[in-house]
Amino acid sequence: MEILEFLLNDEQIFITITLVVLIALFIGNVVADKLKKYEDVDANGAIALMDEKDLIILDVREDKERKAGYIDNDTHIPLSQVRKQLDSLDNSKKVLVYCRSGSRSSHIAGLLTRNNFEQVYNLKGGILAWQRANLPIKK
């Protein structure tokens, strides 16, 4: 009871609210990780996937970003057009999605799994991680 009184004290209410928000965000992240249906892979994991024939490498960056380099044999569909072009992708194949840093590609990986793509992978860190690993890019 003393803890509750302490936490609800006028001087402590801001700290209490901050603590509750942080706990809620932490729980939300844990739950979201458990519910996601795609897998994050690093550059080495992506290389292992590329050894398989039935892999679509999907670049969701914008055209101007692509000029800096891309992964060989990929398919380029800018983020804003992926939803419209889902039918052009074979959902029976594995899909490795990448962008610049891995953020937009994780969004698209989630979209793909919600649209009956069962084997979806997100390149964690995106093309930047690929380059940091000194892996080849095409220009």
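If you go through region 113-139 and keep only what is farther than 21 Å from K94 by Cβ and touching a Ser or Thr at 6+ places or on another chain (Cβ under 7 Å), you end up with just L128.
Residue selection: G126 satisfies the criterion of being crowded, with 18+ Cβ neighbours inside 10 Å and touching a Cys at 6+ places or on another chain (Cβ under 8 Å). When the test is whether a residue is touching a helix residue (DSSP H, G or I) at 6+ places or on another chain (Cβ under 9 Å) and assigned by TED's automatic domain parsing to the domain that holds I47, S105 passes it. When the residues of region 96-119 are filtered to those that are part of a loop (DSSP other than H, G, I, E, B) and of a type in the set (G, A, S), the one that is surrounded by the fewest Cβ atoms within 10 Å (Cβ to Cβ) is S101. Checking each residue in region 49-65 for being assigned to a helix (DSSP H, G or I) and surrounded by 10 or more Cβ atoms within 10 Å (Cβ to Cβ) picks out L49, M50, E65. Taking the listed residues A43, A24, the one that is at pLDDT 80 or above and over 24 Å from L123 (Cβ atoms) is A24, with no other qualifying.
The values are calculated or read from the model by the stated rules, or taken from the named source; none is laboratory data. Note that the structure is predicted; figures quoted are calculated from it, not measured. Cβ atoms come from the backbone with ideal geometry, glycine included; neighbour counts cover every protein chain shown.
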